[in-house]
Amino acid sequence: MDLTDATRTVHTPVPEEGASAPLGTPLHLDHTFAFPSAEAMAGAFEDPDGPYLYGRYSNPTVRALEGALADLEHGTAATAYASGMGAVNAVLTALVGAGDHIIAQRALYGGTHALLADLERRWGVQVDRVSGTDPDEVRALLRPTTRLLYLETIANPTTRVSDVPALAAVAREAGAVTAVDNTFASPLLFRPLDHGADISLHSTSKYLSGHGDAVGGAAVLADAALHRRVWEHGLELGACASPFNAWLTLRGLKTLALRMPRHSSTALELARRLAGHPAVRSVAHPDLPDHPDRALAARLLASGGGVLSFDLHGGRAAGAAFTEALGTARLAPSLGDVKTLAMAPASTSHHRLAPGELEAAGITEGTVRIAVGLEDPGDLWKDVEQALGAV
Ligand SMILES: *Cc1c(COP(=O)(O)O)cnc(C)c1O
């Protein structure tokens, strides 16, 4: 039966357990499994879908999460990791070697940006950076050694939307793999694999687990052979998912279809109100009519997501003062939580960057990012308004 996301997120597959069945996925903590024969055990070393062997290879609770995520992202197979950065690292280092070429979006999650810089400096990997919206820019940079096009669905903190179908089509013609970090959208708002990407990456620490209590990551792949390559490399990397975090993530997933529309609608409401405030220079959210990628967002995304950013007239000091004055919303990193989290990058995560470097990352001195939670929108606006008064 063709079920919708709201039903599929609630009814993720539960392993069979005899005549009656548990409604939820059991939490299996065991990391070592016993075999009836040497031959059966030998096979398990080679097969990502084979019998359970050892926790770094797989585990029943982790595999249940992988199955649920593959299903939601319309993929063939998925691997869960200890963190989002574990997933990013597994994919990049499985598919790219010394001398290979990557085309990556310019505005990327900080950890990914640092990893790419490391691959360039220490491994001799060549990286070219693109806007994420212009296929001709990608075409002009292709080389025979181009292995990977790396994008994010919605960029942080600019909320720029990348044109995954157009760019992935260019990469595919050249035989390069397209990987998309889909953390900001979740499969409820966008499915990269339906638009020509080969890999969808997640920090499940964010919307998928949804409650700020389980660090994790995942890579969902369209192709079984590519999945096997990434899985095998992951055994060496060792960033395997914890069964308990996989269990928490499966539990969080059950309300994803309720949470995502609410995150998006509250973010848009705050963005609209911020746009009319005199302390605010500009506001970015993909669902605002004046967003530079509004048409693309309307075509590709179910809604614009729970993250908005805005620029305060008062610069760095104003950004810090605003976030420190918040009461209901909290000054904190991360996103995808039930609670609203806000930060000003120039005074926190990016405080070491020179003005030119800030600008290259799409950040101004007065940029504030709000990762909207599930609180009442009116209560949130009251809090934001009083904090703007403190600027
Ligand atoms: C948080 C985040 C990551 C890293 O995930 P961790 O689970 O913190 O390792 C990667 N990409 C994006 C877009 C993120 O927001």
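Details
- Estimated D of the range 1-155 in µm² per second, where Rh is the Kirkwood radius over Cα pairs and Stokes-Einstein applies at 37 °C, 0.692 mPa s: 175
- Each other residue within a Cβ distance under 12 Å of residue 378 adds +1 if Lys or Arg and -1 if Asp or Glu, for a net charge of -4.
- Across the chain, the longest run free of exposed loop sites, meaning GluC sites (Glu not before Pro) lying outside DSSP classes H, G, I, E and B with no more than 16 other Cβ atoms within 10 Å, spans 47-374.
- Directionally averaged projected area (convex hull, Cα atoms, the range 1-55), nm²: 5.9
- Of the residues 35, 190, 45, the one with the largest accessible area comes first in the ranking 45, 35, 190, computed with a 1.4 Å probe on protein heavy atoms.
- When both the range 42-77 and the range 177-246 are represented by their alpha-carbon centers, they are found 13 Å apart.
- Fully extended contour minus Cα-Cα distance, from residue 143 to residue 56, at 0.36 nm per residue: 27.8 nm
- The dipole here belongs to the range 295-373: it is taken about the Cα centre, uses +1 on the Cβ of Lys and Arg and -1 on the Cβ of Asp and Glu, and is about 200 debye.
- For the chain, the longest principal axis of the alpha carbon atoms and the long axis of helix 315-325 meet at an angle near 70°.
- Note on the chain: antiparallel DSSP beta bridges, both residues inside, total approximately 55 percent of the bridges counted.
- Principal-axis analysis of the Cα atoms of the chain puts helix 256-275 at an angle of about 20° to the longest axis.
- Per-residue ellipticity at 222 nm from helix content only, as computed over the chain with -39500 (n - 2.57) for each DSSP H run of at least four residues, stands at -12000 deg cm²/dmol.
- Expressed as a whole percent, the accessible area of the chain that falls on carbon and sulfur atoms is 54 (1.4 Å probe).
- Annotation: for a label point projected 7 angstrom from Cα along Cα→Cβ of residue 290, residues of the range 340-372 with backbone N closer than 18 Å are 364, 366-368.
- Between helix 84-95 and the chain: long-axis angle, C-alpha atoms, 0 to 90°, nearest 10: 60
- Seen through its C-alpha gyration tensor, with square-root eigenvalues sorted a ≥ b ≥ c, the range 143-271 comes out oblate because a/c lies at 1.5 or above while a/b is not bigger than b/c.
- Largest GNM mean-square fluctuation across 57, 207, 109, computed for the chain with C-alpha springs under 10 Å, falls on 109.
- Separation of the range 143-176 from the range 4-33 is 35 Å, based on Cα centroids.
- At 0.890 mPa s and 25 °C, Stokes diffusion of the range 271-391 via Kirkwood alpha-carbon radius, µm² per second: 168
- Estimated translational D of the chain in µm²/s (Stokes, Kirkwood radius over Cα pairs; 10 °C; 1.306 mPa s): 74
The values are calculated or read from the model by the stated rules, or taken from the named source; none is laboratory data. These figures come from a predicted structure and were not determined experimentally. Don't worry about glycine lacking a Cβ; one is built from the backbone with ideal geometry, like all the others, and counts go over all protein chains shown. Ligands, DNA and RNA are stripped out before the accessible areas are found, and what is left, the full protein with its side chains, is counted by its heavy atoms. Shrake-Rupley method; radii C 1.70, N 1.55, O 1.52, S 1.80 Å.
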